[in-house]
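Taking it in order: structure first as structure tokens, then the write-up.
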Amino acid sequence: MALKEYYFVGERDAEFAEASRVLTIVGLYVGAKLRHHEYGKGVAWIVIQFSLVDVDEPTIFKRRHEYEPGRKTVKNGAAEWDVEDALTVSVTLDVSLVRSARSVGDLVELLRQALLLEQEEILALGVPCFDAKRFSADLVAELDAIVGAPSLWWRYASSGRYASGAPACEQLLVEGFPAAVLAFVEQHLPEVKKAKERKDRKAVTPLLNRINEFTLPWGDVTKSPFIEAFPDCVDLLTDLAREISVECNPRLSSSERERIHTEFRQKLGRCRDCAKQVERKSFH
């Protein structure tokens, strides 16, 4: 059975904000690749937790690896989702080495080494019906591939201390964005409609994760040139999840819900028009 969900989260001191952001984006990329791998029916969710906390005794803050069979509901404010057969892997990075890191590759290598040190403990959990050895090997291999591809590091750090320039030949064409957004949104509309009908707020968090994965190849789409050229297409992505949220909010009136849904349909239409205009332009 393929993984249902894969998350990569971290705790960090303020000084490691940029490093944490880079590692979180790297985790999204890796998760998008591993999500559909077959590791056995014993694990449906995998959460990788990393720590960038500078303390005298790091083990105090280190969360242990854990396997929780069965299903439970997690709530965080208005958000709510089901966690099923979850494996949590926790790693602590050496913050003195993080301070000396100068590139995305340096950071990812530190994460890779930290995970290698945890492999025996992960295997020792003895998770039933789960190929932990293969999962660990795949995870480390994906990180190793990132370390060995400096020409792609710009995808994980487009600005800040760890940023590196993107070769023009590797940047995706901005013109392809509307059509890609349109295809993504239309693919997910049937499940969004069903979630709206059953007022299922548990469907919001997994959908947001898919949206984050979708936007990864383009970097930060809320900035130029995307937001300037195709604002409706950018808004459409976050509004897709809002379509479910508004149906789960009892404080909204029926007229306000309909206004928001109408706004979504209008943006969808304008994004569709943008995609058609770009397509016509490409033929001239």
Worksheet item: Of the residues Phe230, Phe264, which single one is at pLDDT 95 or above and either surrounded by 14 or more Cβ atoms within 10 Å (Cβ to Cβ) or touching a Phe, Trp or Tyr at 6+ places or on another chain (Cβ under 9 Å) (or both)?
Response: Phe264
Worksheet item: Taking into account only those residues within region 31-51 that are out of contact with any strand residue (DSSP E or B) (no Cβ under 7 Å at 6 or more places or on another chain) and at pLDDT 90 or above, which is nearest to Asp138 (Cα to Cα)?
Response: Tyr39
Worksheet item: Restricting region 90-110 to residues that are out of contact with any helix residue (DSSP H, G or I) (no Cβ under 6 Å at 6 or more places or on another chain) and not charged (D, E, K, R), which is nearest to Ile48 (Cα to Cα)?
Response: Ser90
Worksheet, complete the sentence: Of the candidates Glu121, Glu186, the one satisfying the condition of being under 30 Å from Glu279 (Cβ atoms) and surrounded by fewer than 15 Cβ atoms within 10 Å (Cβ to Cβ) is Glu186
Worksheet entry | Residues located in region 120-167, provided they are aromatic (Phe, Trp, Tyr), in contact with a Leu (Cβ under 8 Å, 6 or more places away or on another chain) and modelled with pLDDT under 90 | Tyr162
Discussion item. Which condition from (1) over 30 Å from Arg265 (Cβ atoms); (2) surrounded by fewer than 18 Cβ atoms within 10 Å (Cβ to Cβ); (3) among the aliphatic types (A, V, I, L, M) is the one that Ala157 breaks?
Written reply: (2)
Response to the item:
The condition of being closer than 15 Å to Ala180 by Cβ and charged (D, E, K, R) holds, among Glu191, Glu213, Glu263, only for Glu213
Worksheet item: How many residues does region 230-261 contain that are under 28 Å from Trp153 (Cβ atoms) and in contact with a Pro (Cβ under 9 Å, 6 or more places away or on another chain)?
Response: 2
Worksheet item: Has region 270-279 got at least one residue that is assigned to a loop (DSSP other than H, G, I, E, B), out of contact with any Lys or Arg (no Cβ under 8 Å at 6 or more places or on another chain), free of Cβ contacts under 8 Å to residues at least 12 places away in the same chain and more than 30 Å from Gly31 (Cα to Cα)?
Response: no
Item to complete: List every residue pair whose Cβ atoms sit under 8 Å apart, with the two residues 6 or more apart in sequence or on different chains, where the first one lies in region 1-19 and is over 18 Å from Leu87 (Cα atoms) and the second, anywhere, is part of a helix (DSSP H, G or I) and of a type in the set (S, T, N, Q).
Response: Arg12/Ser20
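Yes or no, residue by residue, for (1) at pLDDT 95 or above; (2) closer than 16 Å to Pro217 by Cα; (3) surrounded by 13 or more Cβ atoms within 10 Å (Cβ to Cβ):
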| site | (1), (2), (3) |
| --- | --- |
| Cys169 | no, yes, no |
| Val174 | no, yes, yes |
| Phe177 | no, yes, yes |
| Glu191 | no, no, yes |
Fill in: Flag for Ser245 being at pLDDT below 90 and within 22 Å of the chain's Cα centre (by Cα)
no
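The values are calculated or read from the model by the stated rules, or taken from the named source; none is laboratory data. The model shown is predicted, which means the values in this text are computed figures rather than measured ones. Here the Cβ is made from the backbone with ideal geometry for all residues, glycine too, and neighbour counts use every protein chain on show.
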